[in-house]
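This report refers to the structure that appears directly beneath it.
Laboratory data are not the source of any read-out in this text; all were calculated from the coordinates shown. As the structure is a prediction and not an experimental result, all values here were calculated from the model. When we count neighbours, we look across all protein chains shown, and the Cβ atoms used for this are built from the backbone with ideal geometry, even at glycine.
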Amino acid sequence: MVTIYLNGKPFEVEEGQTLLAACLSLGFNIPYFCWHPALHSVGSCRLCAVKQFRDEKDTRGRIVMSCVTEVCDGLRVSLDDPEVREFRASVLEWLMINHPHDCPVCDEGGECHLQDMTVMTGHVYRRYRYKKNTYYNQDLGPFIHHEMNRCIQCYRCVRYYRDYAGGRDLNVYGVHNKLYFGRFESGVLQSPFSGNLVEVCPTGVFTDKTHRRHFTRKWDLQTAPSVCVHCGLGCNTIPGERYGTLRRIRNRYNGQVNGYFLCDRGRFGYEFVNSDLRIRQPLIRNDAGELEACSLDRALEHLAHLLNDSTDTIGIGSPRASLESNFALSELVGPERFSAGIPRNELELVNLAVDILSKGPAPSASLLDAEKSDAVLVLGEDLINTAPRLALAVRQSILQEAERVIAKRDVPRWNDRGFRLVAEHAKGPVFLATPWATALDDIARDVFRGAPFDIARVAAAVARDLDDTAPEVHDLTAREREWAAKVADALKKAERPLVVSGISCGDPSVLQAAANLAKALAAIGQPCRIALVVPECNTIGVGLLGGLSLEHAMGDEQPQGRDLAIVMENDLYRRLSRTNVDGFFARSKHLVVVDHLMHETAQQAELVLPAATFAEGAGTMVNSEGRGQRFFRVLSPTEHIRDSWHHFRDPIVLAGRSGVDSRDNLDTLLQAVADRYVLLEGVTRIAPNAQFRAVHQRIPRQSHRYSGRTAMHANMSVHEPKPPEDKDSPLSFSMEGYSGMAPSSLIPRFWAPGWNSIQSLNKFQSEIAGSLVGGDPGIRLLDKPDGGSVSYFSEAVPESQEREDQWLLVPLHHLFGSEELSVLSPGIRQLTPDPYVGMSSEDADSLGIKEGTIVSLDAQGLQVQRPVRIRPDIPRSILAWPVGLPGEEPVELPQWVTVTLRQSDSGEA
Ligand code: FES
């Protein structure tokens, strides 16, 4: 720690940081543009000026930029010297010479960093009277709206897009005094993290195009803390609502999880909440065999009646439903009749992942841990498509080597330009073993391509190289041996090695090999971490609850079907083949579906109950790190739409079951979960309970500037309605309440006096880019006090396989398209590919197949026609099978299949 003097007063601050970061951490306001906590300092905008004095006798001082001045003992600075104030105002004036001053029609208006800085610097009068530079705006695709005239040339966008996120198609082009930030030509931004430009840009150049369609000013949005539902990472989000529709998603900073950034699926996948497919009222099948609307009372009575009459009820839960809803369904039908809603092969993988995380040799890695790792091995995961935010974290991990190098030289970390020059030549080791090329290949030190069993073999070879008690691997090729030795060497030298794997390629041997590798590292004393990718937002949560596989629940050993099947938040047609699901429905007497989307499964039901989405609901999810996180409703509940768990409570009471009638809110239900499951014992501590009050007040979901409250519903009633009550949280659906610093898990929005943009986050962090005040949200549930297992997870190493006339179908995931909910957003649907099958160039050549040729695949359980996409990066004898695309039937993967490829009658696509 060092002592610095700000405006004559002493302050203790951490060494090694910039004066700007130190001042912001201490709560002082200094204006800035080009500096960003995740992008560090380039000192280009000159707005963060302060006056530095040599010593206490120095009265003249000199103006310095606080973002490129490192704190040191005795540093004396004035933050608001008149000369400094004048300097800043003049800088702002010339930065805004060409700015159109179009705040009233700008999407950024009201949450614009440029507006805030203009007010902060005191630049109030526009003297420039001449023609301004104007620019052509590009169409950047469905997510980002471009308005170049507002640019103040801070360079944050290109620094984020290129240096941080690794994008290549956005750049700055300059002629004379004109700078242009955009693509070489109009077109969809290629980076899956392009949405962060909306928050990185300090003004309205890059704004949310999806939000434009139903635009609402920030202060008019009702907001609440939430968690992304579009993959297993559990990034923290802030959804915004107005007039009963969800308007946008913003990043909610969590220092351990998503930090400052989200992926585009998470940011723009929200529109399913407003979809026409939403189930908004209970439906019951009438005598004519059609689903018709009915009252909630009638629907719940019908469910209670079915429950009472049934002697054989099965409850099918879901990895996209909350812990509470899955638990309530399990209570309703009995734990032995509860299914996790996952097919058998996938459930085995999920259970294995839960075992590795809860009993394995290495603690799970948060995204921050991944970012700070100094050697990374990825086994079998195409991270950009299966866990995109983790891919962004792994991309940052290569900078650890540069940090090590600059620590030895006289280059401070905050000096981004100097740091990037070093980082050009000092990249940390990332090794990728995947079936085909991925978007992280450009940072990889070496890649290995192979089928999942080959990946497991080579990972086992690495483990064996590290620890000679690890299972032995036979018949490795020279290339595999060399690759394994190189990876082992890098992992051995690392201080914070990380093994990343997951269930996306569908092969348990890959997961086992990852766990064995972590064990081998532990055996040689390396403090390794492990990150396992799972597909859905609560896959780990439902795995912890336990439950039958789908096939088991659907009675594969009981061909007569079930009396009553209750399917919760799960479209079974996305999980199992049509034949299986149709057969199950035909054999079952009664089918009840509780969900928010009218999918094919819901269309078959006798009774449909409308469930809440994440936006209308509240609950808990466990992410792939094993972090329990709470989400809160942002839309006020309507008469019919309720959390699934809430729907189950009334029938239980009506059916006369005891012990649950007092569970009328989330807290009592969570307490029951904690009492029942040892590993979930911490769930009650994730967030303050519903009784919590900050200075006797609830925390308001509406900002203190929320407008139109008395007029919004005047077409129905001129009386201002009483705000809805929320029994499940300490948040209120109103403007009134506690406006100070809420506990981190309850922060509904980031705002501070004078800071209307997302930059206000500075005021909520204990230190810049550190944790939120009071600690980051969520609780790690699977940490092992005893250090975990001491034995290898599996002694078996798979054999290498090659089969005459057979192909290995391997699942391929698409960021846009493979996830059920986000694909209902029009922008994401636009970027979703049509079904195809991927094939290696060599195989295509040998079969005489050209790009786009339609081929027929006759494989076990699968007879389809697909156009071929030829990819040189796919190994021979492997077919890449895109999973989860709309309309696609699920196939058990990977599987060896006998495939007849023949040109169809329809010829070329
Ligand atoms: Fe310091 Fe831009 S923020 S020069």
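Brief remarks follow.
- Residues THR245 and GLU600, FRET efficiency given R0 of 22 Å [Cβ-Cβ distance, rounded to 0.05]: 0.30
- Neighbour-count order for MET716, MET117, MET554, fewest beta carbons within 10 angstrom listed first: MET716, MET554, MET117
- Stretch gain in nm, segment LYS589-ASP489, where the contour uses 0.36 nm per residue and the Cα spacing is subtracted: 30.0 nm
- When you restrict to C-alpha pairs under 8 Å that are six or more residues apart and normalise by the size of segment 834-880, the relative contact order lands at 54 percent.
- Look at the dipole of the chain built from charges on Cβ: of PRO867, ALA321, THR684, the Cα furthest out on the positive end belongs to THR684.
- Sites excluded, GluC sites (Glu not before Pro) in DSSP loops with at most 12 other C-beta within 10 Å, longest stretch of the chain: 291-471
- Global form of segment 164-220, assessed from the alpha-carbon gyration tensor, a/c cut-off 1.5: prolate
- Ranking of SER186, SER226, SER734 by neighbouring Cβ atoms within 10 Å, starting from the fewest: SER186, SER734, SER226.
- Spatially proximal lysines relative to LYS57 (Cα-Cα < 19 Å; intrachain offsets below 8 disregarded): LYS9
- Between ALA711 and ASP783, the simple spin-label model (points 7 angstrom out along Cα→Cβ) gives 5.1 nm.
- Computed from point charges on the beta carbon alone (+1 for Lys and Arg, -1 for Asp and Glu), the dipole magnitude for segment 97-199 about its Cα centre is near 600 Debye.
- Sum of -39500 (n - 2.57) over DSSP H runs of 4+, divided by residues of the chain (222 nm, nearest 500): -7000 deg cm²/dmol
- A full extension of the chain between LYS727 and ARG445 corresponds to an added length of 96.3 nm, given 0.36 nm per residue minus the alpha carbon distance.
- Given LYS218/LYS763; LYS427/LYS784; LYS722/LYS763, the pairs whose alpha carbons are separated by over 21 Å: LYS427/LYS784; LYS722/LYS763
- Proxy reagent accessibility, fewest Cβ within 10 Å first, across PHE816, PHE614: PHE816, PHE614
- Think of each Lys and Arg Cβ as +1 and each Asp and Glu Cβ as -1; about the Cα centre, that makes the dipole of segment 556-628 roughly 100 debye.
- Gyration tensor (alpha-carbon) shape descriptor, segment 762-806, a/c threshold 1.5: oblate
- Sparsely packed loop sites in segment 29-88 (the trypsin sites (Lys or Arg not before Pro) outside DSSP H, G, I, E and B with at most 14 other Cβ atoms within 10 Å) comprise ARG54, LYS57, ARG60.
- Å³ per residue enclosed by the Cα convex hull of the chain: 189 Å³
- Loop-located trypsin sites (Lys or Arg not before Pro) in segment 414-505 whose Cβ has at most 16 other Cβ within 10 Å (DSSP): LYS427, ARG445
- Of the beta bridges in the chain, as assigned by DSSP with both residues counted there, near 55 percent are antiparallel.
- FRET efficiency for SER577 and ARG829, using Cβ-Cβ distance with R0 set to 22 Å, rounded to 0.05: 0.35
- When +1 charges are put on Lys and Arg Cβ atoms and -1 charges on Asp and Glu Cβ atoms, the dipole computed for segment 299-362 relative to its Cα centre reaches about 260 debye.
- Listed by chain and number, the aspartates and glutamates whose C-alpha is less than 19 Å from the C-alpha of LYS486, apart from same-chain residues fewer than 8 away, are ASP374, GLU401, ASP441, ASP442, ASP446, ASP454, ASP465, ASP467, ASP468, GLU472, ASP475, GLU495.
- Taking the chain and dividing mean pair separation by its residue count, relative contact order in percent (alpha carbons under 8 Å, at least six apart): 14 percent
- Gyration tensor verdict on segment 149-190 (Cα atoms; rounded if a/c is under 1.5, prolate if a/b is larger than b/c, oblate otherwise): oblate
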